[in-house]
Each structure stands twice: as C-alpha cells, then as structure tokens.
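Down below is the structure, laid out as structure tokens.
The values are calculated or read from the model by the stated rules, or taken from the named source; none is laboratory data. Predicted model, so just to flag it, every value in this text is computed and none were measured. Glycine also receives a Cβ, built like all others from the backbone with ideal geometry; neighbour counts cover every protein chain displayed.
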Amino acid sequence: MERLVFGTRIVMEARGLDGGRFERPVLSEALEALARLWPLGGSVERLALEPDASEVHRGSRGYVILHAFPERGALVIEAFTEGHAPMADFVEAVEGRFDLTAYALQRTRYGNTLPAGEAALRQALKGLRFWANARMAAGPD
C-alpha cells in the first residue's frame, strides 16, 4: 500500500558530463554516499532499474534516486523525504561527487506517495525515469 506524505523534494539535473562518471561502480558508490546524507528513515533498501540506468535507495521516510543518461552526458538526482530537510549539505555533496559546476536545481515541498513493496517501487522508478528522460530530451530550461 502506498502512503501519502508531505515533505521536501530536490531535483538536480546536470548535462555535458564526461563518460567516466557513468560507470556503474562510480554511480553506485556516489548514490550510497548521498543516501547516507539524506534523511531516509529506517529499513533502507536499494533497487536498480536496468544496468547503468536508474538506482534508488529508499527508506521509511523517503528516497534518493540517481538517473544516468550516458548517451546524453546527463544525470538527474531526485531526493524526497517526509517533513522538512535542509538541502545545503546534500547539494554540496552532489557537486563534489560529480564535480559539477553548472546544473539545474529545484526544491519543492508537496505531498508525495511512497510506494510499498518492490513491485510498486519498481513501477514508480520506471515512471520517474520516464519523466527525467523527457526533461533531458527537452533540453535546458
């Protein structure tokens, strides 16, 4: 069953990155480090969707997702947590991990559903990847 929660969402989009940043071990290690900085709550689980595509760390209070688009040289990082979360340390960690100098950053506070179970999480991740891919295809704002 899904749970509707009110919280903080951050989306960072970076383009024009070199290919070395898209190796699976590099991405997985970076996402694991970012997940430790974001308030996910307990029972953290990891799920990857398609090799070298999207990976999520989800806890009882939120998630951190990394969508990789190596063919476009682009990354999209999405983070959501229940309630309020300061973003400065998280954004700084993303900048440092991927050596980002230019990126789009969006922070919103709104209601979001947290999927329960692996099947629901996998389906939600596919939907979020679809929207991230559409944003990357549309080009910069």
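Summary of computed values
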read-out	value
Failed criterion for Val94 (all others in (1) more than 15 Å from Arg21 (Cβ to Cβ); (2) at pLDDT 85 or above; (3) crowded, with 19+ Cβ neighbours inside 10 Å hold)	(1)
The range 32-60 - residue that is over 26 Å from Ala134 (Cα atoms), touching a residue at least 24 places away in the same chain (Cβ under 8 Å) and of a type in the set (A, V, I, L, M, F, W, C) and, of those, surrounded by the fewest Cβ atoms within 10 Å (Cβ to Cβ)	Ala33
Test for Tyr63: is it assigned to a strand (DSSP E or B), touching a strand residue (DSSP E or B) at 6+ places or on another chain (Cβ under 6 Å) and not β-branched (Val, Ile, Thr)	yes
Flag if Pro25 is part of a loop (DSSP other than H, G, I, E, B), of a type outside the set (Gly, Ala, Ser) and surrounded by fewer than 16 Cβ atoms within 10 Å (Cβ to Cβ)	no
Residue tally, condition surrounded by fewer than 19 Cβ atoms within 10 Å (Cβ to Cβ) and either aliphatic (A, V, I, L, M) or in contact (Cβ under 8 Å) with a residue 24 or more places away in the chain (or both), over the range 61-90	8
Test result for Thr81, more than 21 Å from Arg15 (Cα to Cα), at pLDDT below 85 and in contact with a Leu (Cβ under 9 Å, 6 or more places away or on another chain)	no
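Okay, residues lined up against (1) closer than 22 Å to Arg61 by Cα; (2) in contact (Cβ under 8 Å) with a residue 12 or more places away in the chain:
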| position | (1), (2) |
| --- | --- |
| Phe98 | no, yes |
| Arg107 | yes, yes |
| Gly111 | yes, yes |
| Gly117 | yes, no |
| Leu121 | yes, yes |
| Phe130 | no, no |
| Ala134 | no, no |
| Gly139 | no, no |
